[in-house]
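The values are calculated or read from the model by the stated rules, or taken from the named source; none is laboratory data. None of the values given here were measured: they were computed from a predicted structure. Glycine gets a Cβ as well: all are built from the backbone with ideal geometry, and neighbour counts include every protein chain shown. Protein only, heavy atoms only, side chains kept; ligands, DNA and RNA dropped before computing areas. Shrake-Rupley method; radii C 1.70, N 1.55, O 1.52, S 1.80 Å.
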Amino acid sequence: PMGEPVDASVPVEYDAAPVDPNVFVWDMVPEGLPKPFVPEENPMTYTKVELGRYLFFDEQLSGNGTQSCGSCHEQELAFADGIALPIGSTGEVVPRNSLGLMNVAYHTTFTWMNPEFHDLRTQIQVPLFGEFPVELGVSGNDEEVLMRFSIDPDYIARFAAAFPDEADPITFGNIAKALASFVRSMVSFDSPYDRYSYKGDTTAMSESALRGQELFFEERIDCHHCHGNFHFSLNVRHENTVFIETGFANNGLYNVGNNGSYPAPSEGLVAITERIQDRGKMRTSSLRNVAITGPYMHDGSIETLEEVLDMYERGGRFVTSGPNVGDGRDNPFKSEFVHGFVLTEQERADVLAFLESLTDETFLVDPKFSNPFEQ
């Protein structure tokens, strides 16, 4: 086991819990913003969150003991991984880019292409048990993985504290609950934008970033239609949400064969709905911490924010060589809001400054979210 064992009869200390480890306080959410949605069957507690933190960073959770969730979600990168496509524990390439995890609690859905995952516990089954491709590779190694935690006194104590009403709490169901709780706790609201907008710090944003914010919300470039609320995504769910709404859009990244196609196996929402008009539609992800979560797009095919802005300014990407040749500007299924625009050099710099103002440096080093095995 990676953790230092402790006597299971001794209460485990939870550094993240300011008062009662059996409750959870959303004190990081600014006044005036809604708190995240929390499912009734998995209430938040500090004991569960802290257990989830250990599990998230523990390589024992993979079938061959070589990777953890944290292998593809690094805190200093806002829990993205900095590469185009992640590689699973057995060496298989995962076909879609690792999403950053900040403010996942506010998402309606949790993957690039599937609108049906509305619960973090359900989504977590994919990296744990998925076989096409293998990520953590638990399938076929289920008993061995559970045994690793069942014989570790530290984990015995942590599971017992997190699930006190269960005689045998070390189960994959509870592992998913704990991981979901930890990921849900990853709330990020201390960027310059947040300090300026919600905390009264009128010096937090530069003049350039403020000009960029104004441009961002103008109809001329239309960023706000897909990224215009406090979450900067169409996919928003919180404690006051009545109707679950999902947001998927085709942004003109590809137009293979000039018929609206996207490269397999990442063809978009059409893979689920089988409706041709859903070709190329991907989840509109949050722009929070976007400056450090590149490379960008579902396949990591755009390296820099400057190149992303180039694509939207053009109204779609023009792929001129290779198997995916096509002009995304002419994609028949492209969102009406990706229509192209013209910016001056100063305006481009201002928009980029605004996007950079969404970076929460505190979040990137917050010990509540850090790897406990490196402390």
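Split the accessible area of the chain by element, probe 1.4 Å, and carbon with sulfur accounts for 52%. Dividing the mean sequence gap of close Cα pairs (under 8 Å, 6+ apart) by how many residues the stretch 102-229 holds gives a relative contact order of 21 percent.
Annotation: the stretch 8-141 has a Kirkwood hydrodynamic radius of 16.5 angstrom, from the mean reciprocal C-alpha pair distance. Among the chymotrypsin sites (Phe, Trp or Tyr not before Pro) within the stretch 194-287, those in coil by DSSP and having at most 10 neighbouring Cβ atoms inside 10 Å are PHE243. Computed 3J(HN,Hα) for the stretch 258-264, one whole-Hz value per residue from the Karplus formula 6.51 cos²θ - 1.76 cosθ + 1.60 where θ = phi - 60°, is 6, 10, x, 6, 10, x, 5, glycine and proline marked x. Measuring nothing but alpha carbons in the stretch 98-151 and taking Rh as the Kirkwood radius, the Rg to Rh ratio lands at 1.04. Residues in the stretch 273-375 average 47 Å² of solvent-accessible surface per residue, probe 1.4 Å, ligands and nucleic acids excluded. Pairs of Cα atoms nearer than 8 Å and 6+ residues apart set the relative contact order; for the chain it is 21 percent.
Summed over qualifying helices (DSSP H, 4 residues or more, each -39500 (n - 2.57)) and divided by its residue number, the chain shows a 222 nm mean residue ellipticity of -7500 deg cm²/dmol. Each Lys or Arg adds one and each Asp or Glu subtracts one; over the other residues with Cβ under 10 Å from the Cβ of GLN60, this totals -3. Counting every C-alpha pair in the stretch 161-299, the share spaced more than 23 angstrom apart comes to 55%. With protein chains left intact and a 1.4 Å probe, residues in the stretch 162-269 average 42 Å² of accessible area per residue.
Among (1) 37, 25, 17; (2) 49, 35, 20; (3) 38, 32, 16, find the value of semi-axes √(5λ) of the Cα gyration tensor in Å that was calculated from the structure presented, and write down its label. Checked against the structure: label (1). Positive contributions from Lys and Arg (+1) and negative ones from Asp and Glu (-1), summed over other residues with Cβ under 15 Å from the Cβ of GLU207, come out at -4.
Each 10 Å bin, from zero up to the one with the longest distance, holds this percent of the alpha carbon pairs of the stretch 265-375: 11, 34, 31, 16, 6, 0.
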